[in-house]
Every structure is written in C-alpha cells, then in structure tokens.
1. Residues in region 24-47 that are in contact (Cβ under 8 Å) with a residue 12 or more places away in the chain and more than 12 Å from residue 71 (Cα to Cα): how many?
2. Residues being within 16 Å of residue 118 (Cβ to Cβ) and assigned to a helix (DSSP H, G or I): count how many of those fall in region 45-99.
3. If only one of 136, 89 is within 21 Å of residue 35 (Cα to Cα), crowded, with 18+ Cβ neighbours inside 10 Å, in contact with a strand residue (DSSP E or B) (Cβ under 8 Å, 6 or more places away or on another chain) and modelled with pLDDT of 95 or more, which one is it?
4. What about residue 35, is it assigned to a helix (DSSP H, G or I) and within 17 Å of the chain's Cα centre (by Cα)?
5. Looking at (1) out of contact with any strand residue (DSSP E or B) (no Cβ under 9 Å at 6 or more places or on another chain); (2) closer than 30 Å to residue 72 by Cα; (3) at pLDDT below 85, which is the only condition residue 144 fails?
6. All but one of (1) in contact (Cβ under 8 Å) with a residue 40 or more places away in the chain; (2) surrounded by 13 or more Cβ atoms within 10 Å (Cβ to Cβ) hold for residue 21; state the number of the condition that does not hold.
7. Residue 61 - would you say it is in contact with a strand residue (DSSP E or B) (Cβ under 9 Å, 6 or more places away or on another chain), farther than 30 Å from residue 150 by Cα and at pLDDT 95 or above?
C-alpha cells in the first residue's frame, strides 16, 4: 500500500531531536479523495492524526499517536449512505532495514517468532507519518457498516404448498408408491 499512498508526511530520522517530536497532521481534500478511492469508501470528510516520535537506542524510533477520521460508507442493511467515525491508536517501532532481517531470524525456544507486532523498516532514512496514519485509518474501517437503527428483516413470502424445493420429490414419491395411478417418467 505504501507505494500508492497519497497521504505523505515524511520525517527524516536524522532530524528527529533527542527529545523527540510531536506532529499534528491533516489530510487535504485531494489526499482524502484519493484515500477514499483506495479504501473503497464513499468519501472521507476529515482525516487527522497526532504523533509522538521518540528516538531510542540502536537507531530505533518509537511512534505513538492516534488517527481520527470521518468516512462515508454504505449501510449493509439499508444500502443508504452513512457516516462512520474512525478513532485508532497507533503504537509502532521503526528500525533500520538490516535490523528487520536480524529480528526475523530470532525465534523463541519453541521455534516460533517472537509475539507482538513486528517492527516497521525505516525507508531510506525516512518515516512516513502519512502512510502510518492511512494504514491505521484503513485498519479501523468497519467492513460491514450498519446504521444504528437499521434492522435486517428477511423477506417472508407465504408458502405455496406445491411450490417448495422438495415439491418435485414429493410428486415423484407419490407416483412411485404402490397403488398410485401415475407412473414415474421414463417407464
């Protein structure tokens, strides 16, 4: 997804102060429209994120924050447009790419990889906070949005006793019973 992500807010790792930094970002109209297309949404009326970026030892960067968005979806029950709210927490570790390879080779005593979210790679000395926000936004989308008052009511039709899935079998059985005047087809 990072290749097609229209919401870009690069932070150069070498420019992050030792004390860390705080960033507030907001997607503009064009970015929101492109994100809506990517996420197969009706629209995104707002998308904002706040981040705290903290350098750690070993060239690692800890990124925490929150993304909030208002998105337009279609109710799966009524098929009417509706607004949904996204509010997702973000807590990621970024490491140089060579550390990703080293970490992928570490396993615990059972031969299983360490539990927890794997770290993200720092891409050419840059962390893209826009991509981080967009990924969190997409993860927060409800794939089956439903208006609060929408109730699914199946269509109930009166049963016609001669029109049900087993009517043909019933007719076949009746014609095959002894004493029946009807003969099964094919005899």
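The values are calculated or read from the model by the stated rules, or taken from the named source; none is laboratory data. In this text, all values refer to a predicted model and were calculated from it rather than measured experimentally. Cβ: placed from backbone, ideal geometry, glycine included. Neighbour counts: every protein chain shown.
1. The first filter runs over region 24-47 and keeps only residues in contact (Cβ under 8 Å) with a residue 12 or more places away in the chain, leaving 24-27, 30-32, 34-36, 38-39, 41-47.
In the following step, the residues that additionally are more than 12 Å from residue 71 (Cα to Cα) were identified as 24-27, 30-31, 34, 38.
The qualifying residues number 8.
2. Residues that pass the stated criteria total 4.
3. Numbers: 89 fails: crowded, with 18+ Cβ neighbours inside 10 Å.
Exactly one of 136, 89 is within 21 Å of residue 35 (Cα to Cα), crowded, with 18+ Cβ neighbours inside 10 Å, in contact with a strand residue (DSSP E or B) (Cβ under 8 Å, 6 or more places away or on another chain) and modelled with pLDDT of 95 or more, namely 136.
4. On the way: assigned to a helix (DSSP H, G or I): yes; within 17 Å of the chain's Cα centre (by Cα): yes.
In short, yes.
5. The one condition residue 144 does not meet is (3).
6. Checking residue 21 against (1) in contact (Cβ under 8 Å) with a residue 40 or more places away in the chain; (2) surrounded by 13 or more Cβ atoms within 10 Å (Cβ to Cβ), the one that fails is (1).
7. Values: in contact with a strand residue (DSSP E or B) (Cβ under 9 Å, 6 or more places away or on another chain): yes; farther than 30 Å from residue 150 by Cα: yes; at pLDDT 95 or above: yes.
In short, yes.
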